[in-house]
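Throughout, read-outs are computed from the coordinates displayed, never taken from laboratory work. Everything numeric here is computed off the predicted structure, so don't read it as measured data. Heads up, the Cβs are rebuilt from the backbone with ideal geometry, glycines too, and the neighbour counts pull from every protein chain shown.
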Amino acid sequence: MSDHEIFADTAALVAAAAARFVAVVEAAQAARGSASVVLTGGGTGIGLLELVRAQPGAIDWSRLDVFWGDERFVPAGDPERNELQARQALLDHVPVDPARVRAVAASDGEYPDPVEAAAEYSAAVHAHLAEHGAFDLHLLGMGGEGHVNSLFPHTDAVREAHELVVAVTDSPKPPPVRVTLTLPGVRRARHVVLVVGGAAKAEAVAAALDGAEPVDIPAVGALGSESTTWLLDQEAAARLS
């Protein structure tokens with residue numbers, strides 16, 4: 001079952017998302033000694049990381065595992081790369097253990113084939129889950145047509161029922177080549193938080209919360225094993241009944 005919370009504007013939305021990040025990580029570290037997060041890109045996804053950097057609470061950065069829900073398969077220095085943006089916003093400024101930051105291979109790195117890069121990332125994901133059982137937090141943005149990660153409506157990737165990570169070579173949104181966690185991969189998180197702002201998202205938000213099918217609105221299939229929370233600004237929530 002999904003819950004939703006509505007905030008006055010984007011600033012309040014991003015602040016709430018940052019607070020949720022800190023709270024989930026603190027609780028996981030208190031309960032299990034370490035915590036794991038799956039990050040997202042985009043304006044809100046990076047904005048919340050900047051706020052976490054400013055107000056980190058009691059997070060022990062040395063006991064945090066960091067993954068990404070998807071990555072644009074571009075060279076390591078490309079400003080479109082989610083990893084680069086997350087490092088600039090947060091990770092380069094806090095004492096994370098570099099060995100616990102698991103980024104997707106870049107297109108100019110050791111795995112220039114996106115299928116091989118996806119396999120390598122899948123191995124890292126499986127190893128983490130074998131040791132820890134689940135991710136603690138998976139953050140997600142959503143596109144205007146309802147996509148999450150690089151899972152777009154009516155594509156093979158959103159229909160994937162078994163693999164946790166796949167390569168996408170025909171993304172309808174550029175760049176066309178990506179590596180993404182699938183819906184089964186997202187569901188390996190204890191807590192899923194969708195952070196969605198803007199009037200362009202309102203129709204997809206309403207469809208998602210009204211019970212659309214994941215193949216039509218992929219965000220519907222993003223479910224945490226313990227909680228699924230939609231954080232919305234008023235514009236994104238405008239079509240909710």
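Quick check on the chain: of the DSSP beta bridges with both residues there, what percent are antiparallel, nearest 5%?
Close to 25 percent.
Which residues' amide hydrogens lie under 5 Å from the amide hydrogen of residue 165, considering only partners 5 or more residues apart or on another chain, with H built in the peptide plane?
182
Would you calculate, for the chain, the mean residue ellipticity at 222 nm contributed by helices, counting each DSSP H stretch of 4 or more residues as -39,500 (n - 2.57) and dividing by all residues, to the nearest 500? Please list the in-between numbers first.
On the way: 7 runs with 79 residues, N = 241.
For the chain, the value works out to -10000 deg cm²/dmol.
Taking each full run of DSSP H in the chain as one helix, which ones are at least 24 Å long along their axis (Cα atoms) and have mean Kyte-Doolittle hydropathy of at least -1.0?
Those that pass (Cα extent of 24 Å or more, hydropathy at least -1.0) are 10-32, 114-132.
Tell me, in nm to one decimal, what length is gained between residue 27 and residue 225 on full extension, where the rule is 0.36 nm per residue of separation less the Cα-Cα distance?
69.7 nm
Can you list residues from other chains, or at least 5 along the same chain, whose modelled amide H is less than 5 Å from the amide H of residue 70?
181
Only bridges with both residues in segment 121-195 count here: give the DSSP antiparallel percent, nearest 5.
Taking every DSSP beta bridge with both residues in segment 121-195, the antiparallel ones total about 50 percent.
I'd like the distance separating the alpha-carbon centroids of segment 173-187 and segment 79-108, in whole Å.
So the two Cα centres are separated by 17 Å.
In terms of the Cα gyration tensor, with a ≥ b ≥ c the square roots of its eigenvalues, is segment 113-241 rounded because a/c is under 1.5, prolate because a/b exceeds b/c, or oblate?
Judged from the Cα gyration tensor, segment 113-241 comes out oblate (a/c at least 1.5, b/c at or above a/b).
If the elastic network links every pair of Cα atoms under 10 Å, which of 211, 141, 69 fluctuates the most in the Gaussian network model of the chain?
The residue that fluctuates most here is 211.
Modelled label-to-label distance, residue 93 and residue 162, 7 Å Cα→beta-carbon offset: nm?
Modelled inter-label distance: 4.4 nm.
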